Amino acid sequence: MRNIAFLGAGSWGTALAILCANNGHKVTIWSKIKEETDMLREKREHVHRLPGAKLPDSIEIEDDLEKACEDKDIIVISVASPFIRQTAASIKDFIKQDQIIVNVAKGIEDSTLMTLCEVIQDEIPQANVGVLSGPSHAEEVSKGVPTTVVVGAKTEKTASFIQDIFMSKNFRVYTSPDIIGIELGGALKNVIALAAGILDGMGLGDNTKAALMTRGIAEISRLGIELGGKMETFCGLSGIGDLIVTCTSTHSRNHNCGYLLGKGKSLDEAKAEINQAIEGVNTARAAMALANKHHVTMPIVEQINAVLFDNRSAEEALDLLYLRDKVNEYSALTWEN
Ligand SMILES: NC(=O)c1ccc[n+]([C@@H]2O[C@H](COP(=O)([O-])OP(=O)(O)OC[C@H]3O[C@@H](n4cnc5c(N)ncnc54)[C@H](O)[C@@H]3O)[C@@H](O)[C@H]2O)c1
């Protein structure tokens, strides 16, 4: 049995906390939002974010952040991506040398263009930071739907340690040393999910969606490799795997936001209707900035930015993508003659 803290109790933190408790671990949940901890304590369920998933009796709810982090084998940061830095900053003074911290959020910090593990490491240099990511809707994980994810860490020992904690009959965990690749796949697929939603909202077909996903992973991996990620990772669970699940599911807020845009709603109208953080919107801007900084071509990301922030219609964006200059599918392949 291990001692685990979850900082952040939305749908994902709650689903993973239940998974770990069912695996026999001692789990403590903390949230900055008092109504959230009160609700979890009283109802033993996150009635808004994960209705129907009851917390096992063994899970403790803690309002004091220092106590929540005390003597934990791992600390999982499960807040939404805009709150990662402030959450990491608020625990840095009581984190011991080599404390394992696992990020499960997906995004890129707007102001620094850092990945979320980089943000945590920046705030807590003494921590041993890893990531867990992959095609995994909280709603399905909480119902025991068979799911696979990947854990990235600096050493195999740390990755295996985290793997052992989360692994269960219906939750298979792989390991990898490619932290940056895992994080970039998880963050950037949200931008492509917005585009997939737009195509669905426009009523386009399977051909167009398949093309978007394939060319989407092509540009994610182009940027990702430039930033140090590995092609194998973009072909794996946290890359193409997460892209498939997000682009094809109605559980995805990013896909749902895109769908409303494709139906002709404005970004503000779509945000108001969904009424939850849509991480792909911020990530679209960050991805464009990274692409410009590293001179990487990302045509889909460019068009999504124009639709989101420059009032370009989805129809015009699609035309511009289809009428781009002719290119090879994969520029690294060479011709015989
Ligand atoms: N929901 C999923 O299926 C799923 C799966 C994999 C990864 N993720 C990732 O996990 C992260 C969390 O997603 P979620 O679905 O649980 O989101 P959510 O909106 O359900 O919950 C976000 C949580 O962040 C915390 N939070 C909100 N405002 C805060 C603040 N000001 N300070 C500190 N904490 C605050 C709260 O605990 C809140 O419940 C996201 O990055 C998401 O991409 C989600």
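The values are calculated or read from the model by the stated rules, or taken from the named source; none is laboratory data. Keep in mind that this is a model prediction, so the values were computed, not measured. No Cβ is skipped: glycine too gets one built from the backbone with ideal geometry, and neighbour counts run over all protein chains shown. Side chains are part of the model used for accessible areas, which takes the heavy atoms of the whole protein and leaves out ligands, DNA and RNA. Shrake-Rupley method; radii C 1.70, N 1.55, O 1.52, S 1.80 Å.
Points to keep in mind about this one:
- The stretch between D110 and T250 holds 47.8 nm of extra length on full extension. This uses 0.36 nm per residue minus the Cα-Cα distance.
- Taking a straight Cα-Cα cut-off under 16 Å and skipping sequence neighbours fewer than 8 places away in the same chain, the lysines within cross-link reach of K169 are K143.
- Between region 203-276 and region 115-130, the alpha-carbon center distance in angstrom: 26
- Solution diffusion estimate, µm²/s, Stokes-Einstein, region 3-177, Kirkwood Rh from C-alpha pairs, 37 °C, viscosity 0.692 mPa s: 206
- Hull volume per residue, based on the alpha-carbon atoms of region 129-199 and their convex hull, is 89 Å³.
- Label reach from N292 (point 7 Å along Cα→C-beta): in region 98-125, amide nitrogens under 18 Å belong to 108-114.
- Degrees separating the helix 11-22 axis from the principal Cα axis of the chain, which is the longest one: 50
- Degrees, to the nearest 10: 253-262 long Cα axis against longest axis of the chain: 30
- Applying the Karplus relation 6.51 cos²θ - 1.76 cosθ + 1.60 with θ = phi - 60° to region 332-337 yields 3J(HN,Hα) values of 7, 6, 10, 8, 5, 10 Hz, where x marks Gly and Pro.
- Taking label points 7 Å from Cα along the Cα-to-Cβ direction, N275 and T175 give a separation of 4.4 nm.
- Estimated inter-spin distance, A211 and K54, nm [label 7 Å along Cα→Cβ]: 5.1
- Simple spin-label estimate for K43 and S266 in nanometres, 7 Å along Cα-Cβ: 3.3
- Gyration tensor analysis over the Cα atoms of the chain returns equivalent ellipsoid semi-axes of 34, 22, 18 Å (largest first, whole Å).
- Antiparallel bridge percentage (DSSP; both residues within region 3-177; nearest 5): 20
- Acute angle (nearest 10 degrees) that the helix 156-166 long axis makes with the longest principal axis of the chain, alpha-carbon atoms: 80
- Here the Kirkwood formula puts the hydrodynamic radius of region 180-322 at 14.6 Å, using every distinct Cα pair.
- Residue-normalised accessible area of region 180-322, given per residue in Å² at a 1.4 Å probe: 42
- In a simple Cβ point-charge model (Lys, Arg +1; Asp, Glu -1; nothing else charged), region 183-298 has a dipole of about 160 debye relative to its Cα centre.
- Antiparallel DSSP beta bridges within the chain, as percent of all bridges there, nearest 5: 20
- Using a cutoff of 8 angstrom between alpha carbon atoms and counting only pairs six or more residues apart, the relative contact order for region 274-336 works out to 23 percent.
- Taking amide H positions as modeled 1.01 Å from N, with prolines and chain starts lacking one, the residues under 5 Å from G236 and 5 or more places away or on another chain are G241.
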